[in-house]
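Input: a single structure, listed below in C-alpha cells.
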Amino acid sequence: MSNQIVTHFPQQTASRPNGAIDVWNQNGSQTSALGFQQPAPPTASPVATVQRLLRGRVLLAIVLAGIGAVVGGAAGYMSQAPTYRSIALLEISPMIPIVEGDRAIPYYQQFMTSQAFTLASPQVLEKVPEVDLWKKKFGNDKAASDAALNQLGSGLKTQYMKGSFNISLQVDNDDPQIASVATQSLIKAYAEQYKSTASGQLDNKLKALEDKLRNLESVRSTSQSIIDQLTSTYGTSNLEGMVKSTQSELDDIRRELRNWDNNYKAATQAMEVLRAGGGGKIPVEELAQIDAGIAQELTRFRTRQVDVQLLIQQLGQNHPRVKQMQIEVGVMQRAIEEAADARRKEIKAIVPNFVTGGSMAVTDGMLRTLETRVAALKSDVDERERRRSTIAGDAGRIAAQQTTIKTADADLLEVRERLEKMRFQAAVSGELKVMTNGQFPSQFSNKKMMFGLLGAVAGAGIPVAVLLMLGLLDTRFRYSDDAAGNSMSGIPLLGILPNLPDRLSDPAQASIAAHCVHQIRTMLQLNAMQRDGASVFSITSASSGDGKTSLALALGLSFAGSGSRTLLVDADLVGGGLTTRLGNASQLGIIDALAGAAIDDVAQPTDVPDLTLLPIGNAQAYHAGSFSPPAVRKLLAELRNHYEVVIIDTGPVMGSIEATPICASVDGVVLTVARGQSRPLVERAIAHLQSISARICGVVFNRAQHKDFEQSIGAISIRSAARSTVNGTGHNARQPGDIGAVAKAVATSGGGRADN
C-alpha cells in the first residue's frame with residue numbers, strides 16, 4: 001500500500017541571548033520570526049537558481065539533452081560538405097602597344113581595380129553558360145546549370161593584387177569538378193568581354209568625345225579672349241575693386257552736390273523774400289557771424305556793459321565815473337551800428353552754409369557763383385554714373401566668362417579621362433594573359449566537425465532551456481525549501497508536515513506526523529513564546545485548503561500534551577473547521593466572547609487534558625465586522641489570564657476580514673503553505689501581514705513529500721511510507737469529531753507531557 005522511504009526530520013536549533021524577552025525591536029518592527037536579528041537573505045547564485053528551476057526535472061533534462069545533442073550533432077555534421085577552391089591568375093600588361101612606341105596606361109591601378117570588379121560582374125556571369133566547356137559539363141540540364149551559376153555567383157571572389165600586374169580569381173564549390181569548370185568558363189567569358197572592348201563600336205564614341213573636346217576648347221578660348229581684351233582696357237581683370245572705388249567717389253560727389261544745392265536754394269529763397277518786400281534789417285548779431293570786425297566790437301561792447309553794471313552796484317547810478325563809462329558805452333554802440341549799416345548795404349541776407357557749416361552772406365554775385373557750382377557738380381555726377389555703370393557691366397562680363405571657363409575646364413577634364421580610357425581599351429586588345437586557369441582545385445575547408453559540435457550544443461541546450469522556462473513559469477511551491485530563506489523574504493521555515501491520508505493506520509506514518517508537529521511546537525516554544533505570561537499564536541494561510549486548521553488542531557494537542565494550558569480558538573467564520581473536527585455543538589462562541597461573555601461560559605473543554613476550545617458558535621460570515629482591533633486586543637488580554645498558550649485558527653489572510661485584526665494583535669503568526677500553492681498569492685499574503693505589522697514567526701510547509709524530508713537538515717531517520725496523491729477534501733466536508741490525520745497522529749503519539 002505504501003512505499004518505504006528513509007526520511008530525515010528537520011532539527012532546527014536556535015538560541016537567543018539571555019534576557020531576550022521580546023522577539024521584536026522596541027519600535028515594533030520584526031527583528032526575526034524566531035527572535036534574532038536576521039541578516040539580509042543571501043542572493044541566490046546562478047547555479048542555485050538553475051538547480052531550483054530544474055528540480056524534479058533533472059533526469060528528464062539529462063535525457064532530453066542527450067537526445068538533443070545526438071540529433072543536433074548529427075544534423076550539424078550532415079549539413080556541411082567539404083568545400084573545394086579553384087584559383088586562377090590573370091595578367092594585364094601596364095603598357096599600351098602603339099606603333100611609334102609603347103606608352104604607359106594612365107590610371108593603371110584604377111583600371112586594374114575596375115577589371116577585377118568586371119570579372120565578377122553580372123555581365124560576365126551571364127555569358128558563362130555560352131562557353132563550350134560549361135555546355136559540355138551540363139548539356140541540356142538547364143536546372144543544374146542555373147543552380148551551378150547561382151552558386152558560382154555566391155562563391156566567387158576577385159581581387160587586384162596591388163604592386164603587381166595580376167588579378168586573382170577564386171571559386172568555392174562543394175564539387176571540385178564544378179569549381180574547375182566554373183573557373184575556366186568564367187575566364188573565357190571575361191576574355192571575350194575584354195576583347196570586345198576593341199571592337200568598332202568604340203569608334204563613334206571616340207569621335208563624339210573628340211568633337212566635344214574641340215567644342216569645349218573653343219568655348220574656353222573665346223571666353224579667355226574676352227577676358228584678355230577687357231583686362232587690357234582697364235589694366236586688370238579684377239574690376240570689382242574699381243566698381244567699389246567709383247561708387248565711393250560718386251557717393252562723395254553726390255553729398256557735395258546736395259550741400260551746394262541746399263546753399264543755392266537757401267540763398268534764392270532769401271532773395272525772393274527781399275524782392276517781395278519781406279525781410280527787414282539784418283540784426284547785428286547775425287552780421288557778427290560773418291564779419292569778424294563787427295563780432296570783435298560787439299564782444300567789447302557787451303564786456304563794457306557788464307563793467308558798467310558792476311560799477312553801478314559799487315558806486316551808484318549818479319557817480320561821475322559811472323556816467324563817464326555810460327557815455328563810452330553809447331559811443332561804442334553807435335560805432336557798431338554804423339559798421340552794421342555799411343555791411344547791410346552789401347549783404348542782402350544771411351542763411352546757413354551747408355558746405356562748411358555756420359552762416360553764409362547772400363550777395364548779388366553769390367547767387368551766380370552757387371548756380372554755376374551746382375551745375376558743374378551735376379555734370380560731374382552724371383559722368384561718374386556713366387563710368388561706374390560701364391565698369392560694372394564689364395565686371396559682370398568677366399565674371400560670366402570666368403564661370404564659363406571653369407565649367408569648360410571641368411568638362412574638359414572629364415572628357416579627357418574618358419577619351420584616354422577608351423583609347424586604351426581600343427589599343428589593349430589581345431594583351432590579357434592567363435597565368436593559371438584553376439584546373440586543379442584543392443579542398444579548402446571542412447566544417448563538418450565544427451557544425452556537428454555546434455549542433456550538439458544547440459540540441460542539448462534547447463530542451464534544457466525549455467525546461468528552465470517551464471520552471472520560471474511554474475509559480476507553485478513544489479518543495480519545502482521553496483517556502484524558506486530568500487524566496488520568502490528571509491522568513492524561516494518552522495517545519496514541514498507530511499502528506500498523510502485522512503485515515504492514518506500506519507503507526508510509522510503517525511510517528512512521523514507527530515514528530516513534525518512536536519518539532520514545530522518546540523521551535524515556537526524556544527524562539528517565539530513569551531517568558532512571562534501567555535503566548536498567543538494565529539494560524540493562517542494565503543488561501544483555503546492549505547491545512548491551517550489541521551496544523552492549529554495538531555499544535556493545540558502538542559502544546560496540551562507538553563503540559564501547557566492550551567486554548568484553541570475557532571475564528572474561521574466561513575470554515576469553522578476546529579469546531580467541526582472537535583464535534584462541538586455549543587451555541588455560544590467567538591462572537592459572544594468578543595461581546596463580553598465570560599470566558600468560562602464560552603470556552604468548552606475537550607477530551608484532551610489541558611486543551612480547551614473556544615468554538616465558532618452561531619457566528620456567520622457577516623459577523624466579520626465585529627472583529628475590530630480594540631475588541632480583539634481586549635479578548636486576547638482576557639484569554640491570557642486563563643491560559644498559557646492560545647492558538648487561533650483564522651480564515652485565509654487574503655480572503656477573510658477577521659484574519660487581519662487577529663494577525664495584527666497576536667504575539668506571532670504562523671503561515672501555512674501547502675505544496676502546489678501559488679507563489680505570488682503567498683507573497684501577497686506576506687506583504688499584507690507585513691503591512692499591518694503582524695509578527696510572522698515562520699512558515700510551515702504542508703503536504704511535503706519524502707524528498708523534502710530526505711533533503712532537510714537533521715539526524716533522525718525513520719522508515720516511512722509516503723502518500724502518492726494529495727487529499728482534496730475540504731474542511732467543511734468532514735464529519736463532526738473527525739479531527740484529521742495529523743491531529744490523530746499527535747493525539748496518539750504518546751508524546752503526552754514529555755519535557756521539551
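The values are calculated or read from the model by the stated rules, or taken from the named source; none is laboratory data. All figures in this text were calculated on a predicted structure; none of them were measured in a lab. FYI the Cβ positions are ideal-geometry reconstructions off the backbone, even for glycines, and counts take in every protein chain you see.
Quick notes on this structure:
- Residue within the stretch 568-575 that is part of a loop (DSSP other than H, G, I, E, B), surrounded by fewer than 23 Cβ atoms within 10 Å (Cβ to Cβ), touching a residue at least 24 places away in the same chain (Cβ under 8 Å) and not small (G, A, S) present: yes
- Qualifying residues in the stretch 213-237 (those that are modelled with pLDDT of 85 or more and hydrophobic (A, V, I, L, M, F, W, C)) - the one surrounded by the most Cβ atoms within 10 Å (Cβ to Cβ): L216
- Within the stretch 372-393, not a single residue is of a type outside the set (K, R) and under 30 Å from K207 (Cα atoms).
- Within the stretch 73-124, the set of residues being modelled with pLDDT of 80 or more and closer than 30 Å to G461 by Cβ comprises A74, A75.
- Selection status of Q620, modelled with pLDDT under 85 and surrounded by fewer than 19 Cβ atoms within 10 Å (Cβ to Cβ): yes
- Annotation note: of L526, L557, the sole residue that is part of a helix (DSSP H, G or I) and within 57 Å of the chain's Cα centre (by Cα) is L526.
- Qualifying residue in the stretch 529-545 (condition: buried (at least 18 other Cβ atoms within 10 Å of the Cβ), assigned by TED's automatic domain parsing to the domain that holds N641 and modelled with pLDDT under 75): yes
- Restricting the stretch 365-421 to residues that are polar (S, T, N, Q) and farther than 21 Å from S221 by Cβ, the residue that is surrounded by the most Cβ atoms within 10 Å (Cβ to Cβ): T369
- With respect to (1) more than 30 Å from I405 (Cβ to Cβ); (2) modelled with pLDDT of 80 or more; (3) of a type in the set (D, E, K, R), the lone exception for E210 is condition (1).
- All conditions in (1) touching a Pro at 6+ places or on another chain (Cβ under 7 Å); (2) modelled with pLDDT of 90 or more hold for G698, with the sole exception of (2).
- Selection within the stretch 608-648 - small (G, A, S) and within 59 Å of the chain's Cα centre (by Cα): A619, A621, A624, G625, S626, S628, A631, A637
- Given (1) in a strand (DSSP E or B); (2) closer than 18 Å to I696 by Cβ; (3) among the hydroxyl-bearing types (S, T, Y), index of the condition T612 fails: (2)
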